[in-house]
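K.L.:
The structure's right below; bear with me while I get my questions together.
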Amino acid sequence: MSETTQADGRTFAPPEGLAAQANVGPEVYDEAARDRLAFWATAAERLTWAQRWDEVLDWSNPPFAKWFVGGRLNVAYNCVDRHVEAGHGEQVAYHWEGEPGDTRTITYQELQDEVCKAANALTELGVNAGDRVAIYMPMIPETIIAMLACARIGAVHMVVFGGFSADALASRLDDAGAVLVITSDGGYRRGAPSALKPAVDDAVDRSPGVRNVIVVKRTEQDVAWNEGRDLWWDDVVGRQSTEHAYETFDAEHPLYIMYTSGTTAKPKGILHTSGGYLTQVAYTHWATFDLKPDTDVYWTAADVGWVTGHSYIVYGPLANRATSVMYEGTPETPHRGRWFELIQKYGVTILYTAPTVIRTFMKWGEDIPAGFDLSSLRLLGSVGEPINPEAWLWYHEHIGGGRCPIMDTWWQTETGAHMLTPLPGVTNLTPGSAQHPFPGISAKVVDDEGNELTDDSTGLLVLTEPWPSMLRTIWGDDDRYVDTYWSRFGKDVYFAGDGAKKDAAGNIWLLGRVDDVMNVSGHRISTTEVESSLVGHPTVAEAAVVGASDPTTGQGIVAFVILRGSAEDSGEELVQTLKTHVAKDIGPIAKPRQIMVVQELPKTRSGKIMRRLLRDIAENRELGDVTTLTDSSVMNMIKDKLPAAP
Ligand code: WT7
């Protein structure tokens, strides 16, 4: 990302009414500073434990952490049953709205019944604690029910975003060793049913470990059926009892795997466990968003297929007994005011979304939100990439009515929960900055040697103490876990992969990834993954991919390809073919915005592609230093080949 994050000097004090009643006040920073582990232990007490822990943190073998050692709990019980037991069975857990306008209201009691039925079904199908279950679904309630059913029986869920391709699903099924897939016939997107089952059939045909596929009926479209392997959710879950006696699991029992892109072509299976994860997602959800379970209507407008959905649609809100909104479709269907209509309809009080969506709304114009009653909103959140001050101010004014504080939350799939964020009753907001480490979190900006920087100079963000919801490893690859996150500055310093700076007021500003990872609409995509997809096409000899800054999506994917001698066509048609190829290979989110066919790629003497130069071209900047190129005329050749920049 370019450095568009300079403050314009304005800050925003916490609204007085909110500050007076906020769930947490300034004292939490002192408490956490005095005794970090005691602070997290207090946060853990918000959960219901079957057995209390003996030790808060075991960090004797860094970077392999154990939190709440010896503690036992059931995550699904904490998210559902205990609220029913406490007399809140009639409270709405989710107001679900399908894209075509159909709705479902699910109370905590109904959620408990459905989760128990699904848990019984999984057990009947031979799924045991520790087994991996893939969930490849649209945004429908069964997705959450399936996740909780896994948690309830101690199976490890692996949700794969429904926009990923059959190949991407197949490689994840294989890497995780999944025994079962839960999917649906499809879901609604942009006004039409889209299919999911064909991709599952394709992927599962290549995954001998998968014994069964459970299929939820959502769109009623025809699906191919594999007798003996495929089962309708309505049959296998529908006939089960709503009684299910849950077991309790160790605090470190694996809860889920979520794949994310790294700097190589192979996605990393980020492993999260139970007690520490639930502690931090529940506590942050309660503190950052000031969640009041009796009165708030909470909406994370994101897909459950990403970590934002796991932590802040499912686990955090449910652990806190929130009433949430869940929406299946896209913001422009059937009209560009759909989100605002939902806020008005359900009286949403807290909205959490991504800067790319805000910038899209800006493009559509403020008249659209102005046409709806958004006065129920009292707090806003942002996640996924730096929110530029212009977008922040627009969000504040045109959605938040000038009265709602905005929590700019920095975190990652790996961190599991908020790590840097303002607090709504405490912080003077500085638009564009994620501001401060959450209480109990230790973050620093350092130079290449690991020396702390506090003078506004650009460095790297590191986390200097373990935290409860941290990833525990990369599934099946402890070495890669150590190498990727814990080797740059030693075994007890977590390298986040983000550039950052700290200003004189102590605010931390995030400056985008420093590795070969792009951030497109808040989704992480590896340059290498797109490159290897392109090279996988028979016409392509070599490919280099960069993330170029994009006014709406943050970054856009720009590819430079060298064709094989045998390729007959190098025109627009081939470019389209390659774009479609990548979309099919990885998923539509990885489809390049632009593909340029070139004769040469700029390389250093050691043969490394100089992405920085390509980014300059893609962003139409003056070229940077080219002295380390093997042949600097290469750049002229590339430039000569280019069409006028878009
Ligand atoms: C990367 C993590 C966390 C859920 C969504 C993305 C970027 C995330 C912010 C923010 C600046 C941010 C970072 C980070 N990022 N939130 N508030 N300000 N940058 O999860 O796919 O794991 O991506 O997203 O670059 O490393 P993810």
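The values are calculated or read from the model by the stated rules, or taken from the named source; none is laboratory data. These figures come from a predicted structure and were not determined experimentally. No Cβ is skipped: glycine too gets one built from the backbone with ideal geometry, and neighbour counts run over all protein chains shown.
K.L.:
Using the structure shown, decide if residue 180 is surrounded by 17 or more Cβ atoms within 10 Å (Cβ to Cβ), of a type in the set (A, V, I, L, M, F, W, C), assigned by the TED database to the domain that holds residue 162 and within 20 Å of residue 586 (Cβ to Cβ).
P.N.:
no
K.L.:
What's the number of the condition residue 322 fails, among (1) part of a loop (DSSP other than H, G, I, E, B); (2) crowded, with 21+ Cβ neighbours inside 10 Å; (3) within 16 Å of the ligand (Cβ to nearest atom)?
P.N.:
The single condition residue 322 does not satisfy is (3).
K.L.:
Quick one: which of 464, 458, 454 is in contact with a Lys or Arg (Cβ under 9 Å, 6 or more places away or on another chain), within 16 Å of the ligand (Cβ to nearest atom) and not aromatic (Phe, Trp, Tyr)?
P.N.:
458
K.L.:
Which of the residues spanning segment 260-283 are modelled with pLDDT of 95 or more, within 17 Å of the chain's Cα centre (by Cα) and not small (Gly, Ala, Ser)?
P.N.:
The answer is 270, 271, 272, 273, 277, 278, 280, 281.
K.L.:
Ok, one more. Any residue in segment 561-580 that is under 24 Å from the mean Cα position of the chain (by Cα), in a strand (DSSP E or B), within 27 Å of residue 512 (Cβ to Cβ) and touching a residue at least 12 places away in the same chain (Cβ under 8 Å)?
P.N.:
no
K.L.:
Would you mind stating whether residue 96 is buried (at least 17 other Cβ atoms within 10 Å of the Cβ), farther than 17 Å from residue 465 by Cβ and touching a strand residue (DSSP E or B) at 6+ places or on another chain (Cβ under 7 Å)?
P.N.:
yes
K.L.:
Moving on to the next point. So which of 172, 206, 189, 152 is surrounded by fewer than 24 Cβ atoms within 10 Å (Cβ to Cβ) and within 24 Å of residue 130 (Cα to Cα)?
P.N.:
Details: 172 fails: surrounded by fewer than 24 Cβ atoms within 10 Å (Cβ to Cβ); 189 fails: within 24 Å of residue 130 (Cα to Cα); 152 fails: surrounded by fewer than 24 Cβ atoms within 10 Å (Cβ to Cβ).
It is 206.
K.L.:
Sticking with this one: State the number of residues belonging to segment 363-386 that are aliphatic (A, V, I, L, M), exposed (fewer than 15 other Cβ atoms within 10 Å of the Cβ) and either under 26 Å from residue 549 (Cβ atoms) or within 16 Å of the ligand (Cβ to nearest atom) (or both).
P.N.:
0
Every residue, every condition in (1) surrounded by fewer than 21 Cβ atoms within 10 Å (Cβ to Cβ); (2) not in a loop (DSSP other than H, G, I, E, B), yes or no:
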position: 31; (1), (2): yes, yes
position: 59; (1), (2): yes, yes
position: 66; (1), (2): no, yes
position: 127; (1), (2): no, no
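K.L.:
Only one of these is of a type in the set (Lys, Arg), within 22 Å of residue 313 (Cβ to Cβ) and assigned by the TED database to the domain that holds residue 72: 172, 206, 211. Name it.
P.N.:
One residue alone meets the criteria, 172.
K.L.:
Answer yes if at least one residue in segment 387-407 is under 21 Å from residue 443 (Cα atoms), near the ligand (Cβ under 6 Å from one of its atoms), buried (at least 20 other Cβ atoms within 10 Å of the Cβ) and among the hydrophobic types (A, V, I, L, M, F, W, C), and no otherwise.
P.N.:
For segment 387-407, residues under 21 Å from residue 443 (Cα atoms), near the ligand (Cβ under 6 Å from one of its atoms), buried (at least 20 other Cβ atoms within 10 Å of the Cβ) and among the hydrophobic types (A, V, I, L, M, F, W, C): absent.
K.L.:
Which ones in segment 288-312 are of a type in the set (Gly, Ala, Ser) and either touching a helix residue (DSSP H, G or I) at 6+ places or on another chain (Cβ under 7 Å) or on the phi > 0 side of the Ramachandran plot (or both)?
P.N.:
Of everything in segment 288-312, those that are of a type in the set (Gly, Ala, Ser) and either touching a helix residue (DSSP H, G or I) at 6+ places or on another chain (Cβ under 7 Å) or on the phi > 0 side of the Ramachandran plot (or both) turn out to be 301, 302, 311.
K.L.:
Give the residue that is nearest to the ligand (Cβ to nearest atom), with candidates limited to residues of segment 246-269 that are in contact with a His (Cβ under 9 Å, 6 or more places away or on another chain) and over 16 Å from residue 484 (Cβ atoms). Steps first, answer last, please.
P.N.:
Filtering segment 246-269 for residues in contact with a His (Cβ under 9 Å, 6 or more places away or on another chain) gives 254-258, 261.
From what is left, the residues that are over 16 Å from residue 484 (Cβ atoms) are 254-256.
Details: 254: 18, 255: 17, 256: 14 Å.
So, considering only residues that are in contact with a His (Cβ under 9 Å, 6 or more places away or on another chain) and over 16 Å from residue 484 (Cβ atoms), the one nearest to the ligand (Cβ to nearest atom) is 256.
K.L.:
Name the pairs: first residue in segment 268-285 and within 18 Å of residue 64 (Cα to Cα), second residue buried (at least 24 other Cβ atoms within 10 Å of the Cβ) and among the polar types (S, T, N, Q), Cβ to Cβ under 6 Å, at least 6 apart or on different chains?
P.N.:
276/469; 277/469; 280/469
K.L.:
I would also like to ask the following. Among the residues of segment 408-423, write down those that are over 23 Å from residue 393 (Cβ atoms) and more than 7 Å from the ligand (Cβ to nearest atom).
P.N.:
415, 416, 417, 419 - these are the residues of segment 408-423 that are over 23 Å from residue 393 (Cβ atoms) and more than 7 Å from the ligand (Cβ to nearest atom).
K.L.:
Read through the list (1) part of a loop (DSSP other than H, G, I, E, B); (2) on the phi < 0 side of the Ramachandran plot; (3) in contact with a Leu (Cβ under 8 Å, 6 or more places away or on another chain), then give the number of the only condition that residue 343 fails.
P.N.:
For residue 343, the failing item is (1).
K.L.:
Looking for something modelled with pLDDT under 90 and not charged (D, E, K, R) - is there at least one such residue anywhere in segment 571-585?
P.N.:
yes
K.L.:
Would you confirm whether any residue within segment 527-537 is over 29 Å from the mean Cα position of the chain (by Cα) and modelled with pLDDT under 90?
P.N.:
Looking for residues that are over 29 Å from the mean Cα position of the chain (by Cα) and modelled with pLDDT under 90, one finds none in segment 527-537, hence no.
K.L.:
Can you tell me which residue is nearest to the ligand (Cβ to nearest atom) among those in segment 499-525 that are assigned to a loop (DSSP other than H, G, I, E, B) and either under 22 Å from residue 608 (Cβ atoms) or not polar (S, T, N, Q) (or both)?
P.N.:
522
K.L.:
Which ones in segment 477-498 are in contact with a Leu (Cβ under 7 Å, 6 or more places away or on another chain) and either in a helix (DSSP H, G or I) or near the ligand (Cβ under 9 Å from one of its atoms) (or both)?
P.N.:
Listed by number, the residues that qualify are 496, 498.
K.L.:
A follow-up question, please. Give all pairs with beta carbons closer than 6 Å in which a residue from segment 462-477 that is in the same structural domain as residue 307 (by the TED database) and over 12 Å from residue 58 (Cα atoms) meets a residue that is surrounded by fewer than 22 Cβ atoms within 10 Å (Cβ to Cβ) and β-branched (Val, Ile, Thr); count only pairs at least 6 apart in sequence or on separate chains.
P.N.:
462/446; 462/493; 464/493
K.L.:
Let me ask another. Which ones in segment 362-388 are part of a helix (DSSP H, G or I) and modelled with pLDDT of 95 or more?
P.N.:
Passing the criteria: 367, 368, 369, 370.
K.L.:
Here are 331, 317: which of them is within 22 Å of the chain's Cα centre (by Cα) and part of a loop (DSSP other than H, G, I, E, B)?
P.N.:
Values: 317 fails: part of a loop (DSSP other than H, G, I, E, B).
Checking each option against the conditions leaves just 331.
K.L.:
Within segment 552-567, work out how many residues are within 30 Å of residue 362 (Cα to Cα) and among the basic types (Lys, Arg). First the steps, then the outcome.
P.N.:
First, the residues of segment 552-567 that are within 30 Å of residue 362 (Cα to Cα): 552-559.
Subsequent filtering for residues that are among the basic types (Lys, Arg) retains none.
Summing the residues that are within 30 Å of residue 362 (Cα to Cα) and among the basic types (Lys, Arg) in segment 552-567 gives 0.
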